[in-house]
Amino acid sequence: MNPLSSADTTDETAEAPADEAVETVEVDERRQAVVDQFTELLGDAVVQSHIRPGDDVWIRVTRDAWATTADVARNRLGFTFFDFLSAMDWLPSPFGRDMDAQEDTSGAVAVDDADASPGEADADAGPVALETGYAGGDTRFQLLARVYDVRNHIGVTFRADLPDDDLAAPTWSTTYLGADWHEREVREMFGINFIGHPHMVNLYLPGEFEGYPLRKDFPLLARRVKPWPGIVDVEQMPTDGDEDAGDLRCRRRCRRQ
Amino acid sequence: MNELVLAIELAFWQQTLIKVLVAAVLVPTTALIFGIVFLFKVMSWMQSRMGPQEAGPRGLLQLLADGAKFLQKEDIIPDKADRFVFKAAPVVVLASTFLIYVILPAGPDLIISDLPTGIFFAMAVSSLSVIGVLMAGWSSSNKYALMGGLRAGGQLIAYELPLILAVVGVVIQAGSLSMQDIVLAQANGSMLGFSGVGLPFLITQILGFGIFMVAIQAELTQPPFDMPVAESEVVGGFHVEYTGFRFLFFFLAEFATAFAFAAIAATLFLGGWYVPGIDPDSMLANVVGPIALFVKIMVVAFLIFWFRFTYPRFREDQLQRFAWKYLIPLALVNITITGALVVAL
Amino acid sequence: MPKVPGMVKGLGVTFRTMVETLKPSGGPATVQYPHEKEEPAARARGVIALHEENCTSCMLCSRECPDWCIYIEAHKTLAPPRRAGGKPRQVNKLDRFAIDYSLCMYCGICVEVCPFDALFWSPEYEFSEVSIADLLHEKQRLGEWMDTVPEFEPYEAGSEAKGRKVPR
Amino acid sequence: MAKLDGEQVVRCEPIPGYMHRGYEKLCEVRTYPQVTTLVNRIDWLGSFANEVPFILAAEKLMDVEAPPRAQVIRTILFELSRLGNISLFLGDLGIQLGGLTIGFYAFRDREFVLNQIESATGGRFHPNFDRIGGIKDDLPKGWIAETKRAMDRIRRLCDEFEELVLGNEIFAARTRGVGVIPSDVALSYGMSGANLRATGVDWDLRRDACPPGLSYDLADWKVWTHPDGDSYARTWVRLQEVRESTHIVDQLLDSIPSGPIMAKVPRIIKVPAGEAYVATENPLGEMGYYVVSKGDLVPFRVKIRSASFNNISVVPWVSRGVIIPDLITIMASLYFILGDIDR
């Protein structure tokens, strides 16, 4: 059994929660109950959900219901502990694998990283097949947040799609005080704005910093400025062809003798 | 001994010159001894370290090396500092320390000047250092320095009172303000009719001694009363902007004052230079006296530094409350009891 | 009003420590470093030593290095046969093997991935340099560290791990 | 940055970022085995504990589990890094409050813990010892006995701390009632670890949500809480945790099963696509990794949920109206590691 089987579905089904639970072989009643509670309280705002039995539950809500979700989670359902809030950029890295540093599984020698980037650097303009994670998604950017119920020891991960042309979401910081810093971090790292945040200034980066470092199209300079040292740098023997041929012949002869 | 002979036979200006020279040597030396023995050695033993080892035998010259280092450093005066006040502040602090040494008796004749109001004089000049500290804090034009200076000002003034009130008990019992008389009073006293070892006022003034030690600790801005120089809060307090030899002045003043206060405590409560069995009027007392005094000072100083290395610091509102609500009333009670007993007996 | 006991106990702790430090049997917890040195553990990751004969320049270490601080250059050459009368083998001969210790994070991944036991940890830690460029250790210097590599320790009871030997 | 009115704090806003190293980005270009050496440096005092949740997340995605011997050793090292970390907290608290001596004691006795970590892993501060499916190497001979001695030393340090600092009236006056954080605020800020338990919330990930791969169930231990939520409570809870932790280590040392230390994992580790969030009770609090894999050699995204980040974000809330000396006790007792805030 592979509990991950339903994970990578990119197609969307509106009434996903029930279906998902049926799909997985094990049924996690506790977590299913959580999903049901949220569906009941949020109604249509729950777009999709995913349960990995005995482990975790993911619920995708609409962006408009993002703040309501927090309110419901904290004040109605007892998820009082704020774990984290972050975002996802589902764009495949335009810099190729970006781990051209690693030996390819096919055994091919890695390409020099310089030539992988320029062609695909503006990839987000073109149609790129976004592969989103659990509980699906349609957009490149997704919010990701996790809250926890310290009494019943169960956590929920929320996500919400953000349209590319309007990267903003209502703030959580009025409900979960700790979301304050997390939202500031997300703003500077992903460029996602939070409406209603009381003190939206940079947390980490200097004020004049340009770009959003955690977006996939932001290059990691440390991996660009230097060639990968793992490229095989073995000089062939000077009289390569002949020697090799002779070598083979010799070996065959030896064996025959 | 030389000192003594000279003091007897030389003219007044010559005596004065020699005394000044002796003091000028004595103050840095005592500060050095203190610094080495306590700041470095005892502290490191208490913290299960070995302390400095490199400079000199067993690292004993470490402080000299540090002093030399300070002298080499650039003398930096902040741009916006009040230059005159900034330069004057360390001198004022050190001067107040120097002046205490005037009345410290090391033997029946070994005293720079036996003022009739000796202890009163010592208390008066020691409180001068508040002015220097405030000057330093103010003139540095640094918020940490100012904050440290103000904290120090408040603290030093608050603890000046219990310090003096604790002394009053001794003064009442000795019947004199002169340091020599206080020593003699202890030497000639008798303990429950047994007069062999004199009567150190520690026995009768144990409460006064306790208050005095606490107040010393605060006057020296040492833990647990080091809020004015708390490096985790105000970086180092009033001397944060000082470098080189100006900083050395503060440094010297701190340890020289520690020595001076320890000497006062030893004199007031432990009998000063008096050693049981030696006639306080004899010449021998002039020889043994300084040694006895030194030993007693070391005992007191050990206490001071022991507290220093053990306790965390008070918050300044707590230490003010401690001074005004507990120490001063206690000191007053002590005075009342002492006075009543002296009158009654 | 502070109660006495807590504060007195504190004084006791410092005094006890002082006595213990001064006792000949106790002594301070510190040592005077350049004159006296503490022995690092045999597994301590101080510096990486290279046993050049074992290296086949397979590039695994260089590739797995998270910091890209291992540089390898090699050429192919013929080596004497393993068995007498055999055929000379074609091997990779190292031209350059350098570790840039100014980049190295001392994670030990290179030593771990080396399939031919050519890299070893030495607990030696005194190789600081005035110039950062001198921290680039070429293969000769890396080879010299081999002398400082200790033998592998035996394992604790219950272990099924196989003991290993350091080639000398 | 603190805005002051005299000595009173009007608004205090921590400005992190001076140590921001962008680990979430760096993790995206490193293979799974390479990430552990990186995350060692998040909370550098308890570095082994940083590796564990990441490895556990990868194990969860790969559906492998370490053999029992590896799990126990992992748990022991996890606790040792907690000891190394929190014993330094005990010392640092003293230093911040002006009592230097306990700082030296803490450094002295922490050395024994570090020595044990070093002799097992080879790395004093950055062990890089945890592997997907097990641990790197088995323990050297004599390690168990030596570790037990180190535990005795740490227990002695706890006693000394209690006598020198915690039992000191000055310390109590400085910390009791200072920086009180009620439990709902603490939860809302996502404070975790001893800071949360000091507000009376009885929640310990080791006991309540121990991820597979750690064997805390083999030991018999207790979660300490304190109802006050002030600086004193935080210190007290940590001290009890150190003691409890030494007992956990002692018990686990006696119950190390024999067997292999590595499960069967491929040489080139590719983690199947999926998402996993694994959090463990690290010395500073809940440390979790949200790992998104796309079946590659490298993680697609790693969200690092570090404890100090949440713990210290409460500072603007708790520091309103306090005076500077109290700010010091609050910051010291909240206990943060810069690298753990900035990542």
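The values are calculated or read from the model by the stated rules, or taken from the named source; none is laboratory data. Computed from a predicted structure; not experimentally measured. Using ideal geometry, Cβ is built from the backbone for each residue, glycine included, and neighbour counts are taken over all protein chains shown. What goes into the accessible areas is simple: the full protein's heavy atoms, side chains included, and nothing from ligands, DNA or RNA. Shrake-Rupley method; radii C 1.70, N 1.55, O 1.52, S 1.80 Å.
Annotations for the structure displayed:
- Single residue of C:K87, C:K93, C:K9 found to be modelled with pLDDT under 80, touching a strand residue (DSSP E or B) at 6+ places or on another chain (Cβ under 7 Å) and either surrounded by 14 or more Cβ atoms within 10 Å (Cβ to Cβ) or within 7 Å of another protein chain (Cβ to nearest Cβ) (or both): C:K93
- Of all the residues in the range D:200-223, those that are away from every other protein chain (no Cβ under 11 Å) and under 17 Å from D:Y335 (Cβ atoms) number 0.
- Against the numbered list (1) touching a Lys or Arg at 6+ places or on another chain (Cβ under 8 Å); (2) open to solvent by 50 Å² or more (accessible area, probe 1.4 Å), B:P329 comes up short only at (1).
- Residue check: D:L297 meets all listed conditions (1) more than 9 Å from chain A (Cβ to nearest Cβ); (2) of a type in the set (A, V, I, L, M); (3) within 30 Å of D:P272 (Cβ to Cβ); (4) surrounded by fewer than 23 Cβ atoms within 10 Å (Cβ to Cβ) but one, namely (1).
- Output for the range D:198-217, where each listed residue is over 16 Å from D:A172 (Cα atoms) and touching a helix residue (DSSP H, G or I) at 6+ places or on another chain (Cβ under 6 Å): D:T199, D:G200, D:V201, D:R206, D:C210, D:P211, D:G213, D:L214, D:S215, D:Y216
- Residue in the range D:269-276 that is under 23 Å from the mean Cα position of the chain (by Cα), in a strand (DSSP E or B), facing another protein chain (nearest Cβ under 10 Å) and modelled with pLDDT of 80 or more present: yes
- Some residue of the range B:126-137 being within 22 Å of B:Y274 (Cα to Cα), assigned to a helix (DSSP H, G or I) and among the β-branched types (V, I, T): no
- Residue within the range D:304-313 that is surrounded by fewer than 24 Cβ atoms within 10 Å (Cβ to Cβ) and farther than 30 Å from D:F171 by Cα present: yes
- Taken over the range C:12-58, the criterion of being of a type in the set (A, V, I, L, M), within 11 Å of chain D (Cβ to nearest Cβ) and in contact with a Phe, Trp or Tyr (Cβ under 9 Å, 6 or more places away or on another chain) is satisfied by C:V13, C:M18, C:A29, C:A42, C:A44.
- Residues of the range D:205-250 classified as open to solvent by 30 Å² or more (accessible area, probe 1.4 Å) and of a type in the set (G, A, S), total: 1
- Residue pairs whose Cβ atoms lie under 6 Å apart, separated by 6 or more positions or on different chains, with the first residue in the range D:185-204 and touching a residue at least 24 places away in the same chain (Cβ under 8 Å) and buried (at least 24 other Cβ atoms within 10 Å of the Cβ) and the second part of a helix (DSSP H, G or I) and β-branched (V, I, T), are D:A194/D:V237; D:R197/D:V237; D:A198/D:V237.
- Filter result for C:E20 (surrounded by fewer than 20 Cβ atoms within 10 Å (Cβ to Cβ) and within 28 Å of C:I132 (Cα to Cα)): no
- Residues (under 23 Å from the mean Cα position of the chain (by Cα) and either facing chain A (nearest Cβ under 10 Å) or open to solvent by 10 Å² or more (accessible area, probe 1.4 Å) (or both)) located in the range D:277-294: D:Y277, D:V278, D:A279, D:E286, D:G288, D:Y290
- Tabulated pairs, the range D:243-258, first over 13 Å from D:W224 (Cβ atoms) and among the hydrophobic types (A, V, I, L, M, F, W, C), second open to solvent by 50 Å² or more (accessible area, probe 1.4 Å) and modelled with pLDDT under 90, C-beta under 8 angstrom, 6+ apart or interchain: D:L252/D:L218; D:L253/D:K148
- Residue satisfying all of: in the range D:169-182; at pLDDT 85 or above and open to solvent by 10 Å² or more (accessible area, probe 1.4 Å); nearest to the other protein chains (Cβ to nearest Cβ) among these: D:P182
- Evaluating C:W121 against the criteria (1) outside any helix (DSSP H, G or I); (2) out of contact with any Leu (no Cβ under 8 Å at 6 or more places or on another chain); (3) open to solvent by 50 Å² or more (accessible area, probe 1.4 Å) leaves one unmet condition, (3).
- Residue that is farthest from the chain's Cα centre (by Cα), among those in the range D:24-43 that are within 12 Å of chain C (Cβ to nearest Cβ), open to solvent by 10 Å² or more (accessible area, probe 1.4 Å) and within 20 Å of A:Y204 (Cβ to Cβ): D:L26
- Subset of the range D:47-88 [open to solvent by 10 Å² or more (accessible area, probe 1.4 Å) and under 11 Å from the mean Cα position of the chain (by Cα)]: none
- Count of the range D:1-55 residues which are under 22 Å from D:T121 (Cα atoms) and at pLDDT below 80: 0
- Checking the range D:112-120 against the condition returns a match, with at least one residue being closer than 30 Å to C:V8 by Cβ, at pLDDT 85 or above and within 14 Å of chain B (Cβ to nearest Cβ).
Here is a yes/no grid of residues against (1) of a type outside the set (D, E, K, R); (2) modelled with pLDDT of 80 or more; (3) in a loop (DSSP other than H, G, I, E, B):
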| residue | (1), (2), (3) |
| --- | --- |
| B:Q222 | yes, no, yes |
| B:F261 | yes, yes, no |
| B:I291 | yes, no, no |
| B:V299 | yes, yes, no |
| B:F302 | yes, yes, no |
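- Qualifying residue in the range A:200-221 (condition: within 11 Å of chain C (Cβ to nearest Cβ), more than 30 Å from A:T171 (Cα to Cα) and either at pLDDT 60 or above or open to solvent by 60 Å² or more (accessible area, probe 1.4 Å) (or both)): no
- First in the range D:4-23 and more than 8 Å from every other protein chain (Cβ to nearest Cβ), second anywhere and crowded, with 17+ Cβ neighbours inside 10 Å and of a type in the set (G, A, S), Cβ under 7 Å, 6 or more apart: D:V9/D:S319; D:C12/D:S319; D:M19/D:G339
- Condition met for D:D296 (assigned to a helix (DSSP H, G or I) and among the acidic types (D, E)): no
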